[in-house]
Amino acid sequence: MAIPTKDLGKNNLGLATKPALIVVDMINGFTDPKCPLGSDCEDVVAANCELLDVFRAKGLPVFFTTVVYHNDQQATVFRAKVPALNLLQSGSHWVAVDPKMLRTDNEPLIEKQWASAFHKTDLDSQLRALGVDSLVITGLTTSGCVRASAVDGLQNNYQVVVAREAVGDRNPVAHEANLFDLGAKYADVQTVKEITAFLLAL
């Protein structure tokens with residue numbers, strides 16, 4: 001039986017005047033299907049590259065995240081829940097940003113141990129220092145680290161846009177359900193074309 005839904009009367013806020021791009025966990029461990037944590041996500045990689053080109057051309061801030069563990073004491077419960085995370089050790093191939101992203105030295109890499117790009121990191125302080133007022137969030141996975149980062153983006157008082165084609169998930173049902181839920185309460189879900197058109201008009 002279908003569960004009835006209630007319209008919350010949400011507003012579409014979009015981006016403000018100083019957006020940043022947060023590329024969540026587009027690392028080898030998630031983009032390479034040879035890794036137990038990975039998936040075949042060439043379309044997501046291509047969409048990220050498209051957005052990166054626009055942000056770089058406009059001189060807007062770009063941040064990357066990776067999941068990396070330096071010792072056995074970090075995120076013990078999360079790693080017990082998802083043992084494959086133990087592959088994401090400091091210095092390993094799996095924690096490196098996918099080379100197709102062409103990350104530059106002036107694009108900060110946020111190391112995290114949990115799902116959210118904000119949890120126990122200095123991402124918020126770095127964004128505040130740059131005067132950022134809104135976020136485009138991309139990456140992997142929609143139901144995990146993308147969702148957690150988008151929700152925390154809202155909770156840190158940023159307008160958040162999730163780029164539809166530039167996020168992905170190992171489970172297509174979870175992907176669509178989480179995009180629906182994010183769009184209903186925490187963020188706007190926009191296409192790469194819509195985001196690009198806004199950025200080019202800034």
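Check whether at least one residue in the stretch 151-158 is surrounded by fewer than 19 Cβ atoms within 10 Å (Cβ to Cβ) and either of a type in the set (F, W, Y) or touching a helix residue (DSSP H, G or I) at 6+ places or on another chain (Cβ under 6 Å) (or both), and report yes or no. Looking for residues that are surrounded by fewer than 19 Cβ atoms within 10 Å (Cβ to Cβ) and either of a type in the set (F, W, Y) or touching a helix residue (DSSP H, G or I) at 6+ places or on another chain (Cβ under 6 Å) (or both), one finds at least one in the stretch 151-158, hence yes.
Given the criteria surrounded by 20 or more Cβ atoms within 10 Å (Cβ to Cβ) and touching a His at 6+ places or on another chain (Cβ under 6 Å), does T142 qualify? For T142, the condition - surrounded by 20 or more Cβ atoms within 10 Å (Cβ to Cβ) and touching a His at 6+ places or on another chain (Cβ under 6 Å) - is met. Can you report the number of residues in the stretch 25-80 which are in a helix (DSSP H, G or I) and among the small types (G, A, S)? Matching residues across the stretch 25-80 total 5. The residue that is farthest from I27 (Cα to Cα), counting only those in the stretch 126-144 that are among the small types (G, A, S) and in a helix (DSSP H, G or I), is A129. Within the stretch 148-187, the residues that satisfy the criterion of being without any contact (Cβ under 8 Å) to a residue 40 or more places away in the chain and touching an Asp or Glu at 6+ places or on another chain (Cβ under 8 Å) are N156, Y158, V160, V162, H175, N178. Consider A117 carefully, then state whether it is part of a loop (DSSP other than H, G, I, E, B) and modelled with pLDDT of 95 or more. Yes, satisfied.
The set of residues in the stretch 66-96 being among the aliphatic types (A, V, I, L, M), closer than 18 Å to G144 by Cα and either touching a Gly at 6+ places or on another chain (Cβ under 6 Å) or surrounded by 11 or more Cβ atoms within 10 Å (Cβ to Cβ) (or both) consists of V67, V68, A75, V82, A84, L85, L87, L88, V95.
Just so you know, in the stretch 105-129 the residues that are of a type in the set (A, V, I, L, M) and surrounded by 12 or more Cβ atoms within 10 Å (Cβ to Cβ) include one that is nearest to the chain's Cα centre (by Cα), and it is A117.
The values are calculated or read from the model by the stated rules, or taken from the named source; none is laboratory data. The shown structure was predicted, so the numbers you read here are calculated from the model rather than taken from an experiment. We place every Cβ from the backbone using ideal geometry, glycine too, and count neighbours over all the protein chains shown.
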